[in-house]
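Here the structure is laid out as structure tokens; the discussion comes afterwards.
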Amino acid sequence: MTGIARHLPDRSRPPYDLADWVVCDVGEPDATDRLADVFAGASAVVHLAWAIHPHRDDPPMHRTNVSGSEHVLAAAARAHVPHLVAASSVAAYEAPQRWVRIDENWPRHGIPGSAYSRGKVIFERMLDEFSARHPDVTVARIRPCAILQHDAGGQFARWTLSPLLPERLLGQRWLPLPWWKGLRAQVVHAGDVATALQAIVVRGAGGAFNLATEPVLSGSDLARPFGGGPRIPVPRWPSSAAAWLGWRMGLQPLHPGWLVLADKAALVDTDRARRVLGWRPEHDAHDVLAELAAGLRAGAGTGSHPLRPLDWKGRLGRGRPTHQSQAG
């Protein structure tokens, strides 16, 4: 098994010691040639690289997500890889009615106002075009909801928390939390996503697979692990306005585009993954959220660059945003 990353993980620690590693930035102009050499002879390529909420000084999202994906697909075709597995997202779906669950055939027009959603819509079209040009390649794509785990605590803290609200305060009995009416979400544990990917590769499966665990979480469910104080119902537009001002001034990293996506993202049915892959998530949604909350408080991480433990470097923008815009 070979892993590819822009930043090498700590190969002395599991699970990173289980793979041979190659350094490659998929967004670089020469990445196709490099990747084709690595892909040669592979029975499957699993494409997971995606810039979700990059720091201001990281490569631009379009360079990584669109150009990088073009390079991966071109390299897979050049190397005659028979099975391509890619990570899309429920964010690619257009918004259905709020409490309706959708299957994999729902239109993929995305959520206006979300750069992440727009990127996944573009990626889905790229996969469709690749499948049409290369009918001999089995193409599978997963569409998970929010993927969470304890060891992503440091990563999520860098994406969402202001240094004005230290992570150790999360869960305090006095901490009030705002939320808007009708907020609901699905989550899935990273380990359960990995199990689905393994099943796809082992079974040689193709097509799309929604991934989410039960139950659907309400706004109160989402707030409970993060603050024990009163819930403050606030319309979404003041929350978005406050998030935009705080992001623009560099006081906190969360762009309001993420609030748009949280409000409009589709709820998905996972019947196809259960039938075709025999997928049975092991983690309850409440437990997944509680695990992330504990990881946030601890600033938890691993030996990989994206999942590195929390540090305070770059947490204040000094009047400028710390992270790239998520406006769609």
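Inclusion of residue 86 among residues that are closer than 25 Å to residue 34 by Cβ, touching a strand residue (DSSP E or B) at 6+ places or on another chain (Cβ under 6 Å), part of a helix (DSSP H, G or I) and touching a residue at least 24 places away in the same chain (Cβ under 8 Å) is not warranted. All of 86, 79 fail the test of being over 17 Å from residue 261 (Cβ atoms), modelled with pLDDT of 95 or more and surrounded by fewer than 19 Cβ atoms within 10 Å (Cβ to Cβ), apart from 79.
Within segment 105-121, being of a type outside the set (S, T, N, Q) and either surrounded by fewer than 16 Cβ atoms within 10 Å (Cβ to Cβ) or over 18 Å from the mean Cα position of the chain (by Cα) (or both) holds for 106, 107, 109, 112. Here the helices (runs of 4 or more DSSP H) wholly within segment 217-309 that include at least 1 residues being of a type in the set (Ser, Thr, Tyr) are 219-223, 236-248. From the list 157, 152, 132, the lone residue that is under 19 Å from residue 306 (Cα atoms), out of contact with any strand residue (DSSP E or B) (no Cβ under 9 Å at 6 or more places or on another chain), modelled with pLDDT of 95 or more and in a helix (DSSP H, G or I) is 152.
The set of residues in segment 1-44 being surrounded by fewer than 11 Cβ atoms within 10 Å (Cβ to Cβ), assigned to a loop (DSSP other than H, G, I, E, B) and of a type in the set (A, V, I, L, M, F, W, C) consists of 1 alone.
For residue 208, indicate whether it is assigned to a strand (DSSP E or B), more than 24 Å from residue 321 (Cα to Cα) and among the small types (Gly, Ala, Ser). Yes: the conditions hold for residue 208. If you go through segment 290-298 one residue at a time, do you hit one that is surrounded by fewer than 18 Cβ atoms within 10 Å (Cβ to Cβ), touching a strand residue (DSSP E or B) at 6+ places or on another chain (Cβ under 6 Å) and at pLDDT 95 or above? The answer is no, given that none of the residues of segment 290-298 is surrounded by fewer than 18 Cβ atoms within 10 Å (Cβ to Cβ), touching a strand residue (DSSP E or B) at 6+ places or on another chain (Cβ under 6 Å) and at pLDDT 95 or above. Out of the residues in segment 49-79 meeting the condition of being among the basic types (Lys, Arg) and part of a helix (DSSP H, G or I), tell me which one is farthest from the chain's Cα centre (by Cα). Among those that are among the basic types (Lys, Arg) and part of a helix (DSSP H, G or I), it is 78.
The residue of segment 135-149 that is farthest from the chain's Cα centre (by Cα), among those that are closer than 21 Å to residue 214 by Cα and not in a strand (DSSP E or B), is 149.
The values are calculated or read from the model by the stated rules, or taken from the named source; none is laboratory data. A quick note: this is a predicted structure, and the numbers were derived from the prediction, not measured. When we count neighbours, we look across all protein chains shown, and the Cβ atoms used for this are built from the backbone with ideal geometry, even at glycine.
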